[in-house]
Structure formats: structure tokens, C-alpha cells
1. Heavy atoms of the protein only, probe of 1.4 Å, neighbouring chains included. What is the accessible area of Ser29 in Å², nearest 10?
2. How would His156, His224 line up by accessible area, probe 1.4 Å, largest first?
3. Could you work out how much longer the chain between His217 and Ser49 gets when fully extended? Use 0.36 nm per residue separation minus the Cα distance between them, nm to one decimal.
4. Please work out whether the range 103-154 counts as rounded, prolate or oblate from its C-alpha gyration tensor, where a ≥ b ≥ c are the square roots of the eigenvalues and a/c under 1.5 means rounded, while otherwise a/b larger than b/c means prolate and anything else oblate?
5. Taking a ≥ b ≥ c as the square roots of the Cα gyration tensor eigenvalues, with a/c under 1.5 meaning rounded and otherwise prolate when a/b beats b/c, else oblate, which class fits the range 191-276?
6. What whole-number value in Å² describes the accessible area per residue of the range 19-141 for a 1.4 Å probe?
7. Mind running the shape call on the range 150-203? Use the C-alpha gyration tensor, a ≥ b ≥ c as the square roots of the eigenvalues: rounded below 1.5 for a/c, prolate if a/b tops b/c, oblate otherwise.
8. Residues in the range 21-47 near a label at Ser192, defined as backbone nitrogen under 18 Å from the 7 Å Cα→Cβ point?
Amino acid sequence: MVMNELKKYTDQFKTREKLQPVFFIGHGSPMNGIEQNIFSKKWQEIGKSIDLPCAVLVVSAHWLSRGTLITAMSEPKTIHDFGGFPQELFDVQYPAPGSPFLAEETTKLITSTNVGLDHDWGLDHGTWTVVRHMFPDANVPVLQLSIDYYQPASYHYNLAKELYSLRKRGVLIIGSGNMIHNLRMIDWNNMSTPGFGYDWAQSLNETLKKKIISKEHQSLIAYHSMGEAAKLAIPTPDHYYPMLYSLALMDDKDDVEIFNDEYVGGSLSMTSFRFG
């Protein structure tokens, strides 16, 4: 019986004819995890529009590590890695299962570095605030891959390329961060003003979108060369690196769809994209 169940489980991850899409999602405030707004409603639409994946693998801006790790527990905890929000948000639990099998398989795919199996992390708000809208029944295994914060942009892009075969095996891969992300410069008085973005935020956001659509990946990796706007919009790369993971998984046939292309508080962009 145990062997039959294992075979049934592992068969889910066999190669399929249709590639899973890949997403980069601007996750923004943790409150998006419980609010009904234009962002969360789009995430709900996405969940209904795609084939149910056999698992979801998220690269979140909120798991920074030394070395690359992947969650390998059967029951990942819901992490409330924030402060100053309503109790309602802290009460949320997203009880999606993990997948030790997929975690182990993923470590075998990545040969450029040793990937550690992690049993301590869980699902941080860069993951569950988005995925709980996409799959509210928590019936799909969810894993996270950490960001080795001591490595350059090219490392993350090249590592992500090694995950490409997961698209063929029914795994939905999501990079979760924000293309434009400068919390220190947020205008809190204009948080609810639609379309309010500083000139430099809008300028870089438009540049990044054009480069994403035209698949100019090398210049996106070298974001430091984009001038003063990039310095303001990407003061630290934690929320930018997840986008590189998503970009690396494109193939030549993938079209790009931009969505949730909105500014928040002047210095934050929710701009997201899907391909495949």
C-alpha cells in the first residue's frame, strides 16, 4: 500500500506535454493577503485560469540566506514576518502541504551549487499572501527556494535556468518581490492615490517592462547600469532578484503578459508578468 501511494505521488511529477506558466508577482503589502483589491482579485483569477499544478515553487524576497536552501518539510508553517498590522492578518494560517520528494528532486537538478534541505523556514508572506488567493483550498504542495544574498545577480539568473525542467513536470514557479521597491521613500499620505508614482519610479518601471517584453535579460541582470533611477528604485536587490528567477525560465516561444501594473505610495510598483 505504501509503495502504491508513493508511485501515485511521484507519477504527478512526470514530464507533461504542456509547460506550466511562470510568474513574477509584485506582492506588495502583507495586507494584500486578506484584502479584496485589484491585486488579490487578479491572483484569484490566475488560480482559476491555469491548470492545477502538481506543486508550487516560490522564490520570495523575504527568505534571504547564506547558501541556497529549499523547504523540505511535509507541513510548512505559515510565517508572519511583519509587524504593526491588524490581528486578523496574524491569525491567517495557510496549511498547504510541502513536498519532501520534490525538494529532493530539485536539489538534484541544481548542479551549480549545493542546495540544502531546510526544515525550519516555512511559507513567508511573500508566498502565502499570494498563493492563498490562487489556491484557497490549500490543496497544492508549496515549497520555497531561498535567495543566497551573498551572490550577484548573475548567480541567481543562472541557477534558475537549472529549474527549467520543472515547468515540464507540472510545477508552477513564482518569483515574488517588487520591481520598484523603496520603502524609505514611500509617501504614506498618498498610499491610496491611484497611479501615484514618482517620476523615477515610473521611468524605470517602463524601462524594465520594455526590456522584459523584448527579452533583454543581460541588461536586466546588469541593473546597476541603468542610472540614478535604478539606484532609487532598487536600493537593495532583495525584491528584484525574484524577478530574475522568473526571467531565466523563459523560452523563445513564450509570450509575455504584464498585469497589476500599478504604483503604490510613489516608490513601489506592483507590476507583474506571466509567460507560458
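The values are calculated or read from the model by the stated rules, or taken from the named source; none is laboratory data. These figures come from a predicted structure and were not determined experimentally. Every residue, glycine among them, receives a Cβ derived from its backbone with ideal geometry; neighbour counts consider all protein chains shown. The area values use the complete protein model at the heavy-atom level, side chains included, leaving out ligands, DNA and RNA. Shrake-Rupley method; radii C 1.70, N 1.55, O 1.52, S 1.80 Å.
1. 50 Å²
2. Solvent-accessible surface, decreasing: His224, His156.
3. Stretched out fully, the His217 to Ser49 stretch lengthens by 57.7 nm.
4. Details: a/c = 2.36, a/b = 1.67, b/c = 1.41.
Note, shape of the range 103-154 comes out prolate.
5. Here the range 191-276 falls in the oblate category.
6. Numbers: 5020 Å² over 123 residues.
Per residue, the range 19-141 has 41 Å² of solvent-accessible surface.
7. prolate
8. Residues 29-40 qualify, since their backbone N sits under 18 Å from the label point.
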